[in-house]
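Read-outs: derived from the displayed coordinates by stated rules, not from any lab. This one's a predicted model, so the numbers in the text were calculated from it and none came from an experiment. So basically every Cβ, Gly included, is an ideal-geometry build from the backbone, and we count neighbours across all protein chains shown.
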């Protein structure tokens, strides 16, 4: 065991093993050409590898060929590495499978780049009084996003409710996941949406992801386009745009 670890504890010997792994059965001359050392130096390193049974020499005519013998290393792996790594590896594999199967892809994604500060964008996304400045259909928005279970309600000009969002999880200035409960029209299916805020070199990037949308969600997709356009205009120009409404109470 010690001879194996000693043999592996040298970059030149590891390079020889790598070379034999790529092309087995090389001669001393072939191996010498790949290392910046004398022929005698390569012979010394090969002798250490042979003593550790990691390399097996075989003479054919005037030439000696060297073959990689991985068995000693496999025995080390089986005895000392696999017993320690196997539970963790199995757990990681199970976690990977769980994440891949439990994280559905969004039904809708939209991104925009906004010339503003990080703090200003976060405030505009989370404060109801600011949202009401640029929302395309609602001049009054109640509530704010600060912690799980916080609710924000969007109200039409006549006071009726258009939409409510309830915070599921929040990472300050980075991500908000919330339920999306529309109350217009006939379909009030509750879905889930996410804001992702990412600082860029010269702007802020805002991405909206929407999950579990009903089959016909053209109106919701159009609404997000108008929402983000209004937000961008508000942040960059300071105006309070009211892009054409697409929803009615």
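When the Cα atoms of segment 140-249 are aligned to their principal axes, the ranges along those axes come out at 43, 30, 27 Å in descending order.
Quick check on segment 94-208: take the gyration tensor over C-alpha atoms, sort the square-rooted eigenvalues as a ≥ b ≥ c, and tell me if it's rounded (a/c under 1.5), prolate or oblate.
Details: a/c = 1.91, a/b = 1.17, b/c = 1.64.
Oblate shape, in that a/c is at least 1.5 and b/c is the bigger or equal ratio.
Please express the Cα-Cα pair-distance distribution P(r) of segment 1-44 as a list of whole percents, one per 5 Å bin, running from 0 to the bin with the greatest distance. Over segment 1-44, the share of Cα pairs per 5 Å bin runs 5, 22, 31, 24, 14, 4 percent. Let a ≥ b ≥ c be the square roots of the eigenvalues of the Cα gyration tensor of segment 190-236; is it rounded (a/c under 1.5), or, if not, prolate (a/b larger than b/c) or oblate? Oblate, since a/c reaches 1.5 and b/c is not below a/b. The order of the peptides 108-115, 125-132 by mean Cβ neighbours within 10 Å, most packed first, is 125-132, 108-115.
Taking packing as the residue-averaged number of other Cβ atoms within 10 angstrom, the listed peptides 204-210, 4-10 run from highest to lowest as 204-210, 4-10.
Summary of the geometry: segment 162-207 and segment 14-64, compared by the centres of their Cα atoms, lie 62 Å apart.
Per DSSP H run of at least 4 residues, take -39500 (n - 2.57); add these up for the chain, divide by its residues and hand me the 222 nm value, nearest 500 deg cm²/dmol. Could the numbers behind the result be given before it?
Working: 9 runs with 100 residues, N = 249.
Using -39500 (n - 2.57) per qualifying helix, the result is -12000 deg cm²/dmol.
The per residue volume of the convex hull around the alpha-carbon atoms of the chain is 214 Å³.
Largest GNM mean-square fluctuation across 37, 178, 73, computed for the chain with C-alpha springs under 10 Å, falls on 37.
Determine the shape class of segment 116-177: with a ≥ b ≥ c the square roots of the Cα gyration tensor eigenvalues, call it rounded for a/c under 1.5, and otherwise prolate if a/b is greater than b/c, oblate otherwise. Mind dumping the intermediate values first?
Details: a/c = 2.91, a/b = 1.39, b/c = 2.09.
Here segment 116-177 falls in the oblate category.
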